[in-house]
1. Wholly within the stretch 1-115, which helices (runs of 4 or more DSSP H) include no fewer than the required count, namely at least 3 residues that are in contact with a helix residue (DSSP H, G or I) (Cβ under 6 Å, 6 or more places away or on another chain)?
2. Any residue in the stretch 118-146 that's touching a residue at least 24 places away in the same chain (Cβ under 8 Å) and outside any strand (DSSP E or B): show its pairings with residues that are more than 15 Å from the ligand (Cβ to nearest atom) and of a type in the set (Ser, Thr, Tyr) at Cβ separation under 9 Å, as long as the two are six or more apart or on different chains.
3. Restricting attention to the stretch 8-24, which residues are within 14 Å of LEU105 (Cα to Cα) and small (Gly, Ala, Ser)?
4. Given the conditions (1) closer than 24 Å to ASP284 by Cα; (2) open to solvent by 50 Å² or more (accessible area, probe 1.4 Å), report the number of the one that ALA97 does not fulfil.
5. Quick check on my filter: what residues within the stretch 159-213 are touching a Ser or Thr at 6+ places or on another chain (Cβ under 7 Å) and aromatic (Phe, Trp, Tyr)?
6. Looking only at residues that are open to solvent by 90 Å² or more (accessible area, probe 1.4 Å) and out of contact with any helix residue (DSSP H, G or I) (no Cβ under 9 Å at 6 or more places or on another chain) in the stretch 236-263, which one is nearest to TRP216 (Cα to Cα)?
7. Considering only residues of the stretch 20-45 that are open to solvent by less than 50 Å² (accessible area, probe 1.4 Å) and among the β-branched types (Val, Ile, Thr), which is nearest to the ligand (Cβ to nearest atom)?
8. What tally of residues in the stretch 124-149 results from selecting those that are within 12 Å of the ligand (Cβ to nearest atom), in contact with an Asp or Glu (Cβ under 9 Å, 6 or more places away or on another chain) and either acidic (Asp, Glu) or more than 14 Å from CYS68 (Cβ to Cβ) (or both)?
Amino acid sequence: MSGLVAVTGVTGFIGGAILSALSADGWRVRVLVRRNIEIPGIESIHGHLLDQSALTALLQDVDAVIHCAGRVRGARQQDFHVANVEGTARLAHAAAAQPHPPRFLLISSLAAREPGLSWYAASKHEAELVLDEQAGQLAWTIFRPTAVYGPGDRELKPLFTAMRYGILPVPGRTDARLTLLHVDDLVAAVRKWLTSPATHKGPYELDDGTSDGYSWSDIRTLGETALNRRITMLRIPGGLLTATARVNLWLGRIIGYAPMLTPGKICELRHPDWRCNSSTAIQDLGWEPRIRLMDSLRKQSMSLAA
Ligand SMILES: NC(=O)c1ccc[n+]([C@@H]2O[C@H](COP(=O)([O-])OP(=O)(O)OC[C@H]3O[C@@H](n4cnc5c(N)ncnc54)[C@H](OP(=O)(O)O)[C@@H]3O)[C@@H](O)[C@H]2O)c1
């Protein structure tokens, strides 16, 4: 592949997977990193999303931008707003101001569909709106992946680990519909976007293509089959979850860390309908999700047995 691609968020779970794939495909990649690290063989611009000089250096002569940096945990609404909304606005504005504006891909989230649920969801929703406002001549596309899992993921890993011990913790209604996406399939969609000639706007919802998603009972059944053991669903009482999330938020503010389990996250976890429709992405991008939850659980089971 030829061309220069700017990528943000490469020190994270999804951005790291995108970086590895693009490098393997032969793209020239330039990344924005705010930590004091060097990535061997990759041109790194040090700075954050609100740092104008870093953005200028990042975007010079690039053909495409993949904006994957984002705040997924935090103790204050402002934390999410600054990183996700302001950060996207500044990056999009800087990209639109280039002499030859690059194509722009925003890794949003299915949560953007439900902005009332949490600070995170609201910030992803607003980021989508500011991209449109700032776009100017930019050809932009929005991906809305559902919950993503795979090597390096920290959010869904505890769930899979618990299933290996025979427990499936259920935070909400057992008949809630969930959707999932393996990180390799998300990366495959990014690769398709990069090589596709058309300008797509989206937002494109992305999941593993399982019709109607999964209920918690489906997940238990798949886990029992793949892991060859009995799994008990453990419904976590709403009051306990809420109390834990409140304490977590309070501690995050006092001690100064970014908590994942907050009251907003509980609202996301308890939302009854995260079904999504990938058919437009499949049709427009020529992408096809290949990894189902069953495949992944079987692989885990085999690696444990080896
Ligand atoms: N994981 C999922 O299930 C999922 C699902 C749908 C959408 N998404 C979206 O996918 C993106 C990546 O998620 P992830 O799970 O890979 O999260 P992650 O592992 O926490 O990685 C987040 C990345 O964003 C960077 N970042 C955060 N705030 C920044 C800022 N102000 N300036 C520059 N860089 C910043 C982080 O840099 P540091 O390493 O310096 O902190 C890190 O590289 C996010 O936009 C998220 O909303 C994730």
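1. Working: elements: 13-25, 52-59, 77-80, 87-96.
In the stretch 1-115, the matching helices (runs of 4 or more DSSP H) lie at 13-25, 87-96.
2. Qualifying pairs under 9 Å: ALA139/THR199.
3. GLY9, GLY15
4. Result: ALA97 fails condition (1) only.
5. Within the stretch 159-213, TRP193, TYR204 qualify.
6. LEU240
7. So, considering only residues that are open to solvent by less than 50 Å² (accessible area, probe 1.4 Å) and among the β-branched types (Val, Ile, Thr), the one nearest to the ligand (Cβ to nearest atom) is VAL33.
8. Qualifying residue count, the stretch 124-149: 4.
The values are calculated or read from the model by the stated rules, or taken from the named source; none is laboratory data. Everything numeric in this text was worked out from a predicted model, so none of it was measured. Cβ coordinates were reconstructed from backbone atoms using ideal geometry, including for glycine residues, and neighbour counts include every protein chain displayed. Just so you know, the surface numbers come from the protein's heavy atoms only, side chains and all, with ligands and any DNA or RNA stripped out. Shrake-Rupley method; radii C 1.70, N 1.55, O 1.52, S 1.80 Å.
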